[in-house]
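*Asks:* Here it is, the structure, as structure tokens.
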Amino acid sequence: MTIPPQVNIDDLCQLYLMANTPRYLFRHLREHDGVKWMSEHFSIEDLVTIYSDNERTRKRSVEHVAMAYAALIALYYKSYEKVEPLLGALATSGLRWAPDVVDILRKTAKIVSVNSIQFSPPTKPAVISVPGTAGLTEVNLETKPRIEIVRR
Amino acid sequence: MVRRRGRVGKRLLAFLNRACSLIKERRTKSSSVVDTRRGIELQTREGWDIPNSQSTEFSMEDEKHDANLRRKYNQSGAVEFRTGIIPIYNCHGLTFGSRRTQIGEGNVIRKILLDDKYVRIKHQEVLPGDVVIYVGDDGDIEHSAVVLERPDQQLKIPRVLSKWGTGAEVTHWANQCPYSFQSPEYYRIIK
């Protein structure tokens, strides 16, 4: 198994070994630079392949399991609409916390929607932070008299 | 005589068939990917079945990871590793399951605390033998431990015994570990 150095597999292994709960594992792997790197450099299909290859390895090492969870959790940063059809199969795969991680992925799904509100008179550009429910929330005010609320 | 032999023969045949199918089953299990969801019968005092798993999720252990962890956390000597990697049980399995299995969910721990009649203890009144749970920012009970020594006078931090995931058992100051110590809760069974 060739692992890019950017992934920092030793770090991922430690996080996996120290995790007592799936939420702990999810939270820490999601914020790990190596997992973010994986989400940026691998497609959804690549991540699923990495997950499957490692999960199905007969005599799994700690590295295999850590890589599998990392690939699974890296899906968090992908478009949920494209990931969602795969989650059912991933949930029933062989890793102990696969169902729990998939459940967390579903609950923290990234939703992209745009709402437009017209204001008059025109307002100056500004950034307002709006408390979001999950993930990031941005509000962009353009020079045009409208507000775009983008929820991520 | 012939009838008795016939009966014995049938029983022997049935026994041999059963033995063969058991052997086949074991061979299949041992050659397949490890079973990650097998648990044991474990209940609370009220008879509630505690979900648990004796994970053998990885079959090849690498002492390198154990060594890395020790190097990272034992620089001051205040953290003592009692064992190597033991994947069968986790922290909650040590605290609430007698080291027999992994207990993985925070809501399960709340149920155990309730059913087993644990009473919450104030920090100032903590005694050896009490349990401490580590509650993360999201409410997840991400760790638990058994108190070994009362909180020290100055720092108010007890010394505890815990299991770091599927890794080693460790004795440490309660706040010197990879888990959030922002909101600890102490409990004791008093009756």
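The values are calculated or read from the model by the stated rules, or taken from the named source; none is laboratory data. Note that the structure is predicted; figures quoted are calculated from it, not measured. Positions of Cβ are generated from backbone atoms using ideal geometry, with glycine treated the same way; all protein chains shown enter the neighbour counts. Surface areas here come from the heavy atoms of the whole protein model, side chains and all, with no ligands, DNA or RNA. Shrake-Rupley method; radii C 1.70, N 1.55, O 1.52, S 1.80 Å.
*Asks:* Based on this model, can you work out whether B:Glu149 counts as of a type in the set (D, E, K, R) and away from chain A (no Cβ under 14 Å)?
*Replies:* yes
Yes or no, residue by residue, for (1) at pLDDT 95 or above; (2) buried (at least 18 other Cβ atoms within 10 Å of the Cβ); (3) more than 11 Å from chain A (Cβ to nearest Cβ):
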position	(1), (2), (3)
B:Arg26	no, no, yes
B:Thr56	no, no, no
B:Ile88	no, no, yes
B:Leu94	yes, yes, no
B:Asp116	yes, no, yes
B:Gln124	no, no, yes
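*Asks:* In the stretch B:170-191, how many residues are of a type outside the set (S, T, N, Q) and in a loop (DSSP other than H, G, I, E, B)?
*Replies:* 7
*Asks:* Just one of the numbered conditions (1) surrounded by fewer than 24 Cβ atoms within 10 Å (Cβ to Cβ); (2) over 19 Å from the mean Cα position of the chain (by Cα) is not true of A:Val62; which one?
*Replies:* Among (1) surrounded by fewer than 24 Cβ atoms within 10 Å (Cβ to Cβ); (2) over 19 Å from the mean Cα position of the chain (by Cα), A:Val62 violates only (1).
*Asks:* Can you confirm whether the stretch A:86-103 contains a residue that is touching a strand residue (DSSP E or B) at 6+ places or on another chain (Cβ under 8 Å), assigned to a helix (DSSP H, G or I) and open to solvent by less than 60 Å² (accessible area, probe 1.4 Å)?
*Replies:* Scanning the stretch A:86-103 turns up no residue that is touching a strand residue (DSSP E or B) at 6+ places or on another chain (Cβ under 8 Å), assigned to a helix (DSSP H, G or I) and open to solvent by less than 60 Å² (accessible area, probe 1.4 Å).
*Asks:* Which condition number does A:Asn20 fail, the rest of (1) over 11 Å from A:Met67 (Cβ atoms); (2) part of a helix (DSSP H, G or I); (3) touching an Asp or Glu at 6+ places or on another chain (Cβ under 9 Å); (4) within 12 Å of chain B (Cβ to nearest Cβ) being met?
*Replies:* Tallying (1) over 11 Å from A:Met67 (Cβ atoms); (2) part of a helix (DSSP H, G or I); (3) touching an Asp or Glu at 6+ places or on another chain (Cβ under 9 Å); (4) within 12 Å of chain B (Cβ to nearest Cβ), A:Asn20 fails exactly one: (2).
*Asks:* Is it true that B:Tyr134 is buried (at least 22 other Cβ atoms within 10 Å of the Cβ), part of a loop (DSSP other than H, G, I, E, B) and touching a strand residue (DSSP E or B) at 6+ places or on another chain (Cβ under 6 Å)?
*Replies:* No: the conditions fail for B:Tyr134.
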